[in-house]
Ligand SMILES: [Fe+2]
Ligand SMILES: [Fe+2]
């Protein structure tokens, strides 16, 4: 799934809001890189980079939803907070993974799935409010 994660997959996750789609694409590409890392340390670095970009995206997205007067902004923000905590937790788990029993590929897949599920189930909702 990771190598094949290209435009034809992403098209199903488009919100139709160009700036949000561009940001989603960018953060997803960083997660694809996690799977390519040679060791946990560099994977954690990539996840850090992802979290920085992801946070910036969440801020932009929340500002956009506010401009749209999206009625479920409070709930959506809460989901962003929860998701961010899950990534922080994942980073801790990765750092402590001394046995290598969970591969980098699995971490990357799990991180990717969280973003895709969020876009699919939640970000698609504000897309209905765009003018
Ligand atoms: Fe969102
Ligand atoms: Fe988003």
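The values are calculated or read from the model by the stated rules, or taken from the named source; none is laboratory data. Everything numeric in this text was worked out from a predicted model, so none of it was measured. Because the Cβ atoms are built from the backbone with ideal geometry, glycine has one as well, and the counts that use them run over all protein chains shown.
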For segment 38-65 the number of residues that are within 16 Å of ligand 2 (Cβ to nearest atom) and over 18 Å from residue 18 (Cβ atoms) is 5
Could you grab me the full set of residues in segment 57-99 that are exposed (fewer than 15 other Cβ atoms within 10 Å of the Cβ), within 19 Å of residue 45 (Cα to Cα) and either in contact (Cβ under 8 Å) with a residue 40 or more places away in the chain or within 16 Å of ligand 1 (Cβ to nearest atom) (or both)? 84, 85, 86, 95
Could you grab me the full set of residues in segment 13-43 that are buried (at least 19 other Cβ atoms within 10 Å of the Cβ) and more than 30 Å from residue 128 (Cβ to Cβ)? 34, 35, 43
Looking only at residues that are within 16 Å of ligand 2 (Cβ to nearest atom) and free of Cβ contacts under 8 Å to residues at least 12 places away in the same chain in segment 100-131, which one is farthest from the chain's Cα centre (by Cα)? 128
The one condition residue 37 fails out of (1) out of contact with any helix residue (DSSP H, G or I) (no Cβ under 7 Å at 6 or more places or on another chain); (2) at pLDDT below 95 is (1)
